[in-house]
Amino acid sequence: MPYEISESKRDWYRQVSKRSRLRKQAATRGELGPCRAMPNRPLLRPETLMPERKRSSLTALSLFCGGGGFDLGFERAGFEHLASFDVLDICAATLSSNRPQWAVFSGPEGDVGEVDWSVYANVVDVLHGGPPCQPFSVAGKQSGAADDCDMLPAFTRAVLSVRPKAFVAENVPGLLGRRFSNYVDEAIYSPLSRDYQIVAFRLGAASFGVPQDRQRVFFVGFRSRACARKYVAPAGEHSVQRDMFSRNALTLGARAALGLPDIGFDSCAPTLRSGFTGPRKTTSILNSRASQRLWSDLKIWPNGVQKSRQDALQFPPENGHFRLSVQDCALLQGFPDDWQFAGAVYQVLGQIGNSVCPPVAYAVASSVADALGA
Ligand SMILES: C[S@@+](CC[C@H](N)C(=O)[O-])C[C@H]1O[C@@H](n2cnc3c(N)ncnc32)[C@H](O)[C@@H]1O
């Protein structure tokens, strides 16, 4: 069900938010008394989940690049990006500050619906992109093609014009549901099946060592039948629970990943909400009512995310739970610590919550590179 709340619950949130504002003012005046001396030191190092592969000669084109989850995964899998596109300037600012040498287009020049792709025709190995998912997300209205943000047709237009050896499209699991099967036929299979052998599969981020319950769907298409036959979708080499028959490494729980003290309970974090979702500029990553309970069991406060670990430390929530910083949220999404996001807190959370978890992107990119023979 979409995350809709009653007026009384909305009122309750307003009260919490007001108390929190007052508490922050008190903290700034130094009235909350002494707080913990040191910020948390995370145990998880996401870069270890995606060991850099030898740079291949494979090229990639990134559509709807956002804050760079897909791009980072493809880069670590050995691809060189020819260009990345997003309509939001803040996303381009993130990519350009991390990779000044990349060609990144934003604003009208980054609008995937408007770009003339002919300059990239036949020179791209893999075109990848995660078109906006609100049309298909359970958190949205699920109106599919009728939604203004439906950019899947723009993605297929780009594939047909660029003619890459392979494409990868990512989206929310809702897209594989029965409700959208006609739409997926019309938007993906009909226009592309003549030239591409397409497979679709669902991946959970926790199977790739990311401490978050996050499911995503991938469509991978190959122009060559031989490559398509060789293709093996990634399965993930991590498990959430210990299993004596499995050799998989264990995915850390959110608390362990963040380096928080043992409280006798840990688990993957719920799906992080994107700060760009909904009309308000939110600094909350709370995605659903059910997730509120899990955050509470984890003793992690999912609202009022701060811009640094130091700021979060200065301003503990009144229930004593751990307050998150944007660096903590990036870590729970699988971004390495050195990937810096541009923008205000809500914009950073927007980029993080919208992204493909880099270790998942890396696994998909590596599987495609293997099939292409790199
Ligand atoms: C789901 S996010 C993609 C995140 C990205 N794949 C990642 O891993 O970080 C969708 C992105 O599409 C962008 N977008 C929406 N409409 C667009 C358009 N017409 N042209 C280019 N980008 C667009 C949004 O700004 C958003 O950053």
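The values are calculated or read from the model by the stated rules, or taken from the named source; none is laboratory data. Here the structure is a predicted model, which means the values were calculated and not measured. Reconstructed Cβ throughout: ideal geometry from the backbone, glycine too, with neighbour counts over all protein chains shown.
Taking region 106-130 as the range and being under 20 Å from the mean Cα position of the chain (by Cα) and free of Cβ contacts under 8 Å to residues at least 24 places away in the same chain as the test, only Ser106 passes. Taken over region 49-60, the criterion of being within 16 Å of the ligand (Cβ to nearest atom) and either closer than 16 Å to Ala103 by Cβ or outside any loop (DSSP other than H, G, I, E, B) (or both) is satisfied by Leu49, Ala60. The single condition among (1) more than 10 Å from the ligand (Cβ to nearest atom); (2) in a loop (DSSP other than H, G, I, E, B); (3) not aliphatic (A, V, I, L, M) that Pro131 does not meet is (1).
Per the listing Ala256, Ala235, the residue uniquely surrounded by 12 or more Cβ atoms within 10 Å (Cβ to Cβ) and part of a helix (DSSP H, G or I) is Ala256.
In the set (1) within 16 Å of the ligand (Cβ to nearest atom); (2) out of contact with any Ser or Thr (no Cβ under 7 Å at 6 or more places or on another chain); (3) part of a loop (DSSP other than H, G, I, E, B), Ile263 fails one condition alone, (1). Summed over region 99-121, the residues that are touching a Leu at 6+ places or on another chain (Cβ under 8 Å) and among the polar types (S, T, N, Q) give a count of 1.
Looking only at residues that are of a type in the set (D, E, K, R) and without any contact (Cβ under 8 Å) to a residue 40 or more places away in the chain in region 72-86, which one is nearest to Met151 (Cα to Cα)?
Asp86
For region 94-114, the set of residues classified as touching a strand residue (DSSP E or B) at 6+ places or on another chain (Cβ under 6 Å) and near the ligand (Cβ under 10 Å from one of its atoms) consists of Leu95, Phe105, Gly110, Val112, listed by residue number. Kindly indicate the residue of region 61-93 that is in contact with a Cys (Cβ under 9 Å, 6 or more places away or on another chain) and part of a helix (DSSP H, G or I) and also farthest from the ligand (Cβ to nearest atom) among those meeting that condition. Residue satisfying both the conditions and the ranking: Ala92.
Residues in region 163-201 that are β-branched (Val, Ile, Thr) and surrounded by fewer than 20 Cβ atoms within 10 Å (Cβ to Cβ): Ile198, Val199. Go through the residues of region 24-46 one by one and say whether even a single one is at pLDDT 95 or above and either assigned by TED's automatic domain parsing to the domain that holds Val220 or in a helix (DSSP H, G or I) (or both). Yes, some residue in region 24-46 is at pLDDT 95 or above and either assigned by TED's automatic domain parsing to the domain that holds Val220 or in a helix (DSSP H, G or I) (or both).
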